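Below: one structure, written as structure tokens.
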Amino acid sequence: MIGWDGHKMSKSRGNLVLVSALRAQDVEPSAVRLGLLAGHYRADRFWSQQVLDEATARLHRWRTATALPAGPAAVDVVARVRRYLADDLDTPKAIAALDGWVTDAVEYGGHDAGAPKLVATAIDALLGVDL
């Protein structure tokens, strides 16, 4: 269940947050997707402006890291992301693994020129998030 304002979202309550309405407000689809993927699909969770703001900030960090000329080796992190997604679509763990790589790339850099592109390609292919 995804809730809003302390209640389950439902058409009868009139509290649906529609992607079309978010798009009309110029919210990026990738940020919406990241916000939805931040919680496990089996868990009850609430949609809020904070969820969207955190997803937008994450998207910006991921774009910054994957635009670098080089980064830390990425083969391991991509393998972990695949493993987490294969384990009951554990998107929170997959996102946390990517966040770790992004932090290392931005704060410490790296020498693998192919790593940023590999991570960007994996994010697009595995999570459907366009960087």
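The values are calculated or read from the model by the stated rules, or taken from the named source; none is laboratory data. Note that the structure is a prediction, hence the values are computed from the model and not measured. Every residue, glycine as well, gets a Cβ built from its backbone with ideal geometry; the counts of neighbours run over all protein chains shown.
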- prompt: Here are some conditions: (1) part of a helix (DSSP H, G or I); (2) touching a residue at least 24 places away in the same chain (Cβ under 8 Å); (3) surrounded by fewer than 19 Cβ atoms within 10 Å (Cβ to Cβ). Leu59 meets all but one. Which one does it not meet?
  reply: (3)
field: Residues within segment 120-131 that are crowded, with 18+ Cβ neighbours inside 10 Å and in a helix (DSSP H, G or I), tallied
entry: 4
task: Check whether at least one residue in segment 16-26 is surrounded by 11 or more Cβ atoms within 10 Å (Cβ to Cβ) and at pLDDT 65 or above, and report yes or no.
output: yes
task: Kindly indicate whether any position in segment 92-99 is modelled with pLDDT under 95, β-branched (Val, Ile, Thr), closer than 30 Å to Asp26 by Cα and in contact with a helix residue (DSSP H, G or I) (Cβ under 8 Å, 6 or more places away or on another chain).
output: no
message: Tell me whether segment 31-49 contains one or more residues that are more than 21 Å from Leu98 (Cα to Cα), modelled with pLDDT under 65 and of a type in the set (Phe, Trp, Tyr).
response: no
task: Among residues belonging to segment 101-119 that are assigned to a helix (DSSP H, G or I) and of a type in the set (D, E, K, R), point out the one that is surrounded by the most Cβ atoms within 10 Å (Cβ to Cβ).
output: Asp104
field: Which numbered condition Ala97 misses (of (1) without any contact (Cβ under 8 Å) to a residue 40 or more places away in the chain; (2) more than 18 Å from Thr121 (Cβ to Cβ))
entry: (2)
task: State the number of residues belonging to segment 39-93 that are charged (D, E, K, R) and within 18 Å of Leu118 (Cβ to Cβ).
output: 6
- prompt: Restricting attention to segment 73-100, which residues are crowded, with 17+ Cβ neighbours inside 10 Å and either touching a strand residue (DSSP E or B) at 6+ places or on another chain (Cβ under 8 Å) or not in a helix (DSSP H, G or I) (or both)?
  reply: Ala74, Asp90
